[in-house]
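Comments concern the structure below.
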Amino acid sequence: MHPRRNILWFLFVPAALVAIAWFFIPAFIIRPFSHQSPSGLALAMSLRQSAPLITLVAALVSLALAVILWGAASKSRKIILASVMLVVAIAAVMSRLNYFEWMFHPVDSPRFEAASASKLDKGEMILAIRYGSDARAYPIREMAYHHVLNDVVAGVPVAVTY
Amino acid sequence: MWTRTVNGRVLHFYLAGINNQNFLMRDKETGSWWQQITGKAIYGPLRGASLDLVMSDELTFGEWKSEVADGKVLAPVPKYVKKYDSNWEADVAKLPVVISFPGTELKSRDVVVGLELDGTSRAYPWDTLVKQSPVIDRVHGVPLLIAVGPDGKSFRVFKSRIDGKDAEFFLKGETEVDAKSTALIGTNSAATADHKTAASANPKTEAVSAAKTAPSWTLLDTATASEWNFQGCAISGPSQGQCLDRVPALKDYWFDWRNYHPDTSIYKR
């Protein structure tokens, strides 16, 4: 192999690994039903925080190197380049998306109905808040799915969480 | 539940992850990470900031409706109605736990009511509360009244202090009529279920007037012998018109409460 191309491969591999790591490491650490250690969680949050920028830069660098390497690469190396670039692209895209909200969709504009019009069973559990005459109920069955709701009650912005 | 104004800036939160089964949220404005149970920013530009707790209740819809005149209920989002789990309580209780505290007398998924006063925290096992309500206790020198409502599912915590004096509370009629039905049916909550059905036959009746005419669930205090409703307000007697101060409390699983309150004690009697 040409020595210059060798250097390019040595650059391509770490650039691609950075993009992959910045998405997959936090995704692996903050996965449901697993234990999160304090240091693991801190690492996950810091990677996730910088992931949109880091994965973009790393993906662009790996793409440029892959394009240069492509012409002279053997068929098997082309397969490696293409596969790695696919994973890099997934990492860069996923770092910009909140897949937790794919599992538990947010309520973008909450709608309310009068207590008298609600079809809720009287034994159904609700979270309730009251500011002056503004009394609101948030059925737990709904909140256990959405988890977070940004609301304004009597002018006070509140986060309803469950 | 939290207010979401920090340093004069209104934040908008979204679900961002999970930390030992207590969820993490981030705010759109700064991207900081917040722990749901503590309301504290644990990472990002606002790290160290705290949200203010909103006094909230965990009630049955029936209890709430009987208390408020014209309340509003969060409507189901049609797109996601199918995702709502009507059996959430039992289903969540079956989920695996990833942290445990062996050597403590409660099991990870035991439900507790947790409260914290000036850094001193205590957990009240839900089963104990249902059996013994109203529970009178003292945490960090503060006299407390922990009451499970007439429906056996709603709860509230108050400072059991009337006009600056400590007071104790007991269920009115507990030693008379209810004692018989308790003996027959076995538990207090089962006994009060009868009253609940009777009260809900007339859903428009407001709590106060309902309690005046047919006091199905009324507390009496030892200091003034006034009658109190589940909202913590005196409906007759010398204290009539007064309401007890509320104490924030959280219904939670033992493992989660213990994880964030390592020094918590457990109520026993």
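If residue B:60 satisfies all but one of (1) closer than 20 Å to residue A:104 by Cβ; (2) at the interface with another protein chain (Cβ under 8 Å from one of its Cβ atoms); (3) open to solvent by less than 10 Å² (accessible area, probe 1.4 Å); (4) within 25 Å of the chain's Cα centre (by Cα), what's the number of the condition it fails?
Of (1) closer than 20 Å to residue A:104 by Cβ; (2) at the interface with another protein chain (Cβ under 8 Å from one of its Cβ atoms); (3) open to solvent by less than 10 Å² (accessible area, probe 1.4 Å); (4) within 25 Å of the chain's Cα centre (by Cα), only one is false for residue B:60: (1).
Within region A:47-66, identify whether any single residue is more than 26 Å from residue B:30 (Cα to Cα), polar (S, T, N, Q), assigned to a helix (DSSP H, G or I) and open to solvent by less than 70 Å² (accessible area, probe 1.4 Å), and answer yes or no.
yes
Report the residue count in region B:1-13 for those that are touching a Pro at 6+ places or on another chain (Cβ under 8 Å) and surrounded by fewer than 16 Cβ atoms within 10 Å (Cβ to Cβ).
Counting residues in region B:1-13 that are touching a Pro at 6+ places or on another chain (Cβ under 8 Å) and surrounded by fewer than 16 Cβ atoms within 10 Å (Cβ to Cβ) gives 2.
Can you name the condition, by its number, that residue B:90 falls short on among (1) within 17 Å of residue B:253 (Cβ to Cβ); (2) among the small types (Gly, Ala, Ser); (3) touching a strand residue (DSSP E or B) at 6+ places or on another chain (Cβ under 8 Å)?
Every listed condition holds for residue B:90 apart from (3).
Inside region A:96-120, can you point out the residues that are part of a loop (DSSP other than H, G, I, E, B) and more than 7 Å from chain B (Cβ to nearest Cβ)?
Of all residues in region A:96-120, those part of a loop (DSSP other than H, G, I, E, B) come to A:96-99, A:104-111, A:118-120.
Answer for region A:96-120, where residues must be part of a loop (DSSP other than H, G, I, E, B) and more than 7 Å from chain B (Cβ to nearest Cβ): A:96, A:97, A:99, A:108, A:109, A:119.
If you go through region B:15-44, how many residues are surrounded by fewer than 20 Cβ atoms within 10 Å (Cβ to Cβ), more than 20 Å from the chain's Cα centre (by Cα) and β-branched (Val, Ile, Thr)?
Total meeting the criteria: 2.
Would you say residue B:131 is basic (Lys, Arg) and within 14 Å of chain A (Cβ to nearest Cβ)?
So residue B:131 does not fit the description; no.
Please tell me if residue B:47 is surrounded by fewer than 20 Cβ atoms within 10 Å (Cβ to Cβ), away from chain A (no Cβ under 12 Å) and either free of Cβ contacts under 8 Å to residues at least 12 places away in the same chain or at negative phi (or both).
no
For residue A:86, are the conditions met, namely being of a type outside the set (Lys, Arg), more than 21 Å from residue B:19 (Cα to Cα), out of contact with any strand residue (DSSP E or B) (no Cβ under 9 Å at 6 or more places or on another chain) and at pLDDT 95 or above?
Details: of a type outside the set (Lys, Arg): yes; more than 21 Å from residue B:19 (Cα to Cα): yes; out of contact with any strand residue (DSSP E or B) (no Cβ under 9 Å at 6 or more places or on another chain): yes; at pLDDT 95 or above: yes.
So residue A:86 fits the description; yes.
Could you tell me which residue of region A:130-162 is least open to solvent (accessible area, probe 1.4 Å), considering only residues that are of a type in the set (Phe, Trp, Tyr) and at the interface with chain B (Cβ under 7 Å from one of its Cβ atoms)?
Here the residue is A:138.
Could you count how many residues in region A:95-109 are crowded, with 16+ Cβ neighbours inside 10 Å and either among the aliphatic types (A, V, I, L, M) or free of Cβ contacts under 8 Å to residues at least 12 places away in the same chain (or both)?
Here the count works out to 2.
Evaluate the following for residue B:141: is it surrounded by 19 or more Cβ atoms within 10 Å (Cβ to Cβ) and either over 19 Å from the mean Cα position of the chain (by Cα) or under 13 Å from residue B:253 (Cα atoms) (or both)? Show your work before the answer.
Values: surrounded by 19 or more Cβ atoms within 10 Å (Cβ to Cβ): no; either over 19 Å from the mean Cα position of the chain (by Cα) or under 13 Å from residue B:253 (Cα atoms) (or both): yes.
The answer is no for residue B:141.
Name the residue, out of B:7, B:20, that is within 8 Å of chain A (Cβ to nearest Cβ) and over 20 Å from residue B:113 (Cβ atoms).
Values: B:7 fails: within 8 Å of chain A (Cβ to nearest Cβ).
That would be B:20, the only listed residue that is within 8 Å of chain A (Cβ to nearest Cβ) and over 20 Å from residue B:113 (Cβ atoms).
Quick check on residue B:94: is it of a type in the set (Lys, Arg), more than 8 Å from chain A (Cβ to nearest Cβ) and open to solvent by 40 Å² or more (accessible area, probe 1.4 Å)?
Values: of a type in the set (Lys, Arg): yes; more than 8 Å from chain A (Cβ to nearest Cβ): yes; open to solvent by 40 Å² or more (accessible area, probe 1.4 Å): yes.
In short, yes.
The values are calculated or read from the model by the stated rules, or taken from the named source; none is laboratory data. As the structure is a prediction and not an experimental result, all values here were calculated from the model. Don't worry about glycine lacking a Cβ; one is built from the backbone with ideal geometry, like all the others, and counts go over all protein chains shown. We work out accessible area using only protein heavy atoms, side chains counted, and drop any ligands, DNA or RNA first. Shrake-Rupley method; radii C 1.70, N 1.55, O 1.52, S 1.80 Å.
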